[in-house]
1. Mind telling me which of the residues 140, 150 ends up being closer than 21 Å to residue 185 by Cβ and not β-branched (Val, Ile, Thr)?
2. With 661, 669 as the choices, which residue is open to solvent by less than 90 Å² (accessible area, probe 1.4 Å) and closer than 26 Å to residue 454 by Cα?
3. Working only within segment 561-619, note down all residues that are β-branched (Val, Ile, Thr) and over 26 Å from residue 542 (Cα atoms).
4. Taking segment 699-739, which residues are closer than 17 Å to residue 683 by Cβ and in a strand (DSSP E or B)?
5. Test residue 742 against the stated conditions and say whether it is open to solvent by less than 80 Å² (accessible area, probe 1.4 Å), part of a helix (DSSP H, G or I) and within 16 Å of residue 656 (Cα to Cα).
6. Which one is farthest from residue 442 (Cα to Cα), of the residues in segment 525-553 that are in contact with a Leu (Cβ under 6 Å, 6 or more places away or on another chain) and in contact (Cβ under 8 Å) with a residue 60 or more places away in the chain?
7. Can you find a residue that is among the small types (Gly, Ala, Ser), assigned by the TED database to the domain that holds residue 457 and either surrounded by fewer than 18 Cβ atoms within 10 Å (Cβ to Cβ) or modelled with pLDDT of 90 or more (or both) anywhere in segment 495-504?
8. Among the residues of segment 591-598, is any under 18 Å from residue 472 (Cβ atoms) and out of contact with any helix residue (DSSP H, G or I) (no Cβ under 7 Å at 6 or more places or on another chain)?
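The values are calculated or read from the model by the stated rules, or taken from the named source; none is laboratory data. Because the structure is a prediction, the values reported are computed rather than measured. Glycine also receives a Cβ, built like all others from the backbone with ideal geometry; neighbour counts cover every protein chain displayed. To get the accessible areas, we keep the full protein, side chains included, count just its heavy atoms, and leave off ligands, DNA and RNA. Shrake-Rupley method; radii C 1.70, N 1.55, O 1.52, S 1.80 Å.
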Amino acid sequence: MVSSNAVTTKVTSGSPYQLDQNQVSRASSALLRHIKTQQVDKEKTATKKTLIGDNDDDSDAEDIPLNNEAVWLVLTTKKHVVDKNRLKPGKITIPHSLNASPSLSVCLITADPQRAVKNIVADESFPQHLTSRIDKVIGFSKLKSRYQSFESRRQLFSEHDVFLADDRIIMRLVKTLGKIFYKSSKRPIPVRIAEIEKVDGKKVKKDPKQRSKPNAEDSAFASPAIVAKEIEKALNSAAVQLAPATTAAIRVGSSNFTPQQLSENVEAVVKGLTDKFITKGWKNVKALHVKGANTMAMPIWLASELWVEEGDVVEKTADDDKAIEGAKNDKKRKQIEAGEGEKISEGGKKSKKPKAADDDEAASLSARKEKLQKQKAKALQDGEESGRKAAATPAKAEAGSTKKKRKQSVLRAARSQLNPSRAFNQPTASAYARLLSTLALLEQRDGQLQNSSLSAIAAAQKLGGPVTAFLAGSGVKGTSAVEAAKIKGLDKVMAVDNDAYEKGLPENYAPLLVENIKKGEFTHVVGSHSAFGKSLLPRVAALLDVQQVSDITGIESEDTFVRPIYAGNAILTVQSSDSIKVITVRGTAFQGTETEGGSAEIVEGSDPKAPAQTEWVSEELAKSERPDLGVASRVVSGGRGLKSKEEFDRVIVPLADSLGAAIGASRAAVDSGFADNSLQVGQTGKNVAPQLYLCAGISGAIQHLAGMKDSKVIAAINKDPDAPIFQVADVGLVGDLFEKVPEMTEKLKAQA
């Protein structure tokens with residue numbers, strides 16, 4: 001009898017191992033209604049509005065959701081599915097296709113040779129509605145050689161909606177296509193396109209030793225009619241890819257389905273699973289649910305009893321009860337003779353040896369417990385006595401501590417002075433002052449201070465204590481040193497006039513900086529994470545025998561810093577115990593330094609005049625009237641989607657000119673020769689944080705996002721609505737950049 005508040009209902013008559021149509025219909029209606037409501041609520045509260053949905057339905061009905069979300073059937077079994085034949089990718093025909101879109105793009109992966117299948121698809125007898133959908137036919141060997149890199153596989157993944165694969169090579173695709181495909185809903189669906197020889201209705205196995213005919217290239221594949229039938233069947237099926245586990249998910253519909261359509265698909269998939277894929281069929285099913293991508297699971301069938309093999313259950317009899325009761329009152333023993341190995345009959349006389357052994361074991365256990373209790377009592381007594389002695393003689397303890405010196409870091413001593421309640425030795429005034437002594441490395445070019453230096457000063461001021469700026473070059477005392485002295489928050493500006501340091505060669509500059517760090521007894525050396533800082537400070541850290549902390553974005557204390565790792569996907573908090581901290585800071589994370597109002601003293605730095613190991617020969621700089629990429633308030637970037645350098649210059653440059661913006665590029669565009677290496681934005685390029693970052697033809701790899709995600713407003717143009725760039729973009733436009741960008745440029749020029 002099912003209670004009124006039961007989660008699921010079972011059929012009133014017949015076998016319980018079947019779906020209740022009413023229950024499936026109720027769950028389908030509730031799920032689709034919830035998805036629609038969830039999308040409406042999300043649109044109301046979202047800061048980024050969806051202007052164009054991905055639903056292909058032309059209807060204007062209000063019950064059609066804006067975005068087409070997948071609906072899944074979640075199967076839970078009582079035992080793992082371990083049969084290899086059942087674990088192979090398969091498909092189940094469903095009444096309502098998941099691939100009904102007329103603009104569907106299909107990629108067919110075949111066994112070699114691919115030319116045979118291309119000829120089949122191009123054959124006149126092959127249905128035209130399938131020919132228009134199949135955009136690519138590629139053989140397995142070509143697939144392996146052409147799509148080896150991560151980016152190439154991701155591009156292939158985004159170009160097509162459905163992937164079909166010859167069932168003879170389907171298992172080899174897992175390693176070839178990788179997690180890009182097999183951690184998504186676009187896993188290849190198997191199709192049988194091989195020619196099957198039959199005699200009297202039975203399949204004939206081919207002799208592997210028999211050589212094929214030299215001109216029988218097409219003999220391995222079926223006729224165009226059979227291939228078309230198999231492809232049509234695959235497109236009208238639900239893909240089934242089980243894992244050796246107790247849970248599996250099969251896509252059975254979309255949020256634009258009606259409850260009736262979803263129910264019919266669910267029933268067809270459940271029947272196919274229990275008939276073909278699940279060991280023992282319905283008896284191995286524990287639960288069935290339907291759910292959306294971001295919803296809770298709705299139950300449609302739950303097992304109401306535990307399931308075991310019939311042979312695993314033995315009914316208890318009256319004789320068993322008597323035997324159990326007798327075992328409690330009378331212990332029987334079994335012994336095996338050393339030479340014979342025969343069983344001795346039970347019952348009879350009781351053995352006294354086991355009882356004696358039990359008594360000895362109990363006595364031993366009791367003695368050990370008593371010994372442990374005595375040791376514990378003695379330890380507590382000794383602890384109390386030592387505590388009384390320590391409280392009675394504090395002077396003696398202090399005298400003893402002076403004789404035995406404790407090695408204590410300056411950082412720990414400073415904390416002790418700031419917090420007297422902590423049991424640390426009080427530091428001297430010089431140690432405390434030394435802790436808060438910071439040297440900010442400034443970068444200058446032709447007597448002008450570079451903007452990257454301001455971030456180093458901002459970070460140094462956040463550390464606290466006196467901040468001394470350092471720069472070296474030709475005539476810097478009368479040019480860039482004077483400019484630096486006006487920066488608010490600096491105590492001193494240490495300058496070294498020497499032509500050998502003008503170009504900032506790290507081999508020459510490192511000994512100079514180390515000399516001044518040691519003489520000034522600085523505890524922190526801070527520089528920008530620019531090309532100058534990244535090449536110089538690692539050498540300085542090596543000469544000082546300390547570890548460098550690179551590219552920090554936050555300062556928690558004088559020895560604890562925050563820095564991004566894994567292209568910004570994780571944040572690491574680092575604590576340094578070195579006496580001198582060598583740090584590079586991300587320019588976009590430390591800003592707001594006031595360049596006026598300061599009155600720092602300009603002092604002469606120490607010049608070791610070490611022999612120069614490197615000589616400056618020449619440099620070639622590309623001069624441009626556009627703002628510098630690293631500090632520009634507006635940046636326009638292009639990616640590989642621009643296809644050539646000519647198109648990059650034709651599309652991106654006019655847009656940047658109309659906005660007065662700097663030009664950037666993704667690594668893919670730079671590697672392809674579309675733009676200069678100095679324009680690269682990303683993990684291995686420049687980090688930018690402009691007010692506006694507009695990118696076109698950039699998919700949004702994590703390496704690129706690491707260099708621009710701090711931008712105030714991110715606008716993206718891409719023809720792929722699923723491109724990762726739209727996940728971080730504030731404004732997104734789905735369309736062809738070769739049409740949208742020139743149109744935007746013309747409108748900007750008209751408004752100017």
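1. Values: 140 fails: closer than 21 Å to residue 185 by Cβ.
That would be 150, the only listed residue that is closer than 21 Å to residue 185 by Cβ and not β-branched (Val, Ile, Thr).
2. Numbers: 669 fails: closer than 26 Å to residue 454 by Cα.
Among 661, 669, only 661 is open to solvent by less than 90 Å² (accessible area, probe 1.4 Å) and closer than 26 Å to residue 454 by Cα.
3. First, pick out the residues of segment 561-619 that are β-branched (Val, Ile, Thr): 562, 565, 571, 573-574, 580, 582-585, 588, 593, 595, 602-603, 614, 617.
Scanning segment 561-619 gives 588, 593, 595, 602, 603, 617.
4. Listed by number, the list holds a single entry, 714.
5. Numbers: open to solvent by less than 80 Å² (accessible area, probe 1.4 Å): yes; part of a helix (DSSP H, G or I): yes; within 16 Å of residue 656 (Cα to Cα): yes.
Criteria met by residue 742.
6. My answer is 525.
7. Yes, segment 495-504 contains a residue that is among the small types (Gly, Ala, Ser), assigned by the TED database to the domain that holds residue 457 and either surrounded by fewer than 18 Cβ atoms within 10 Å (Cβ to Cβ) or modelled with pLDDT of 90 or more (or both).
8. No.
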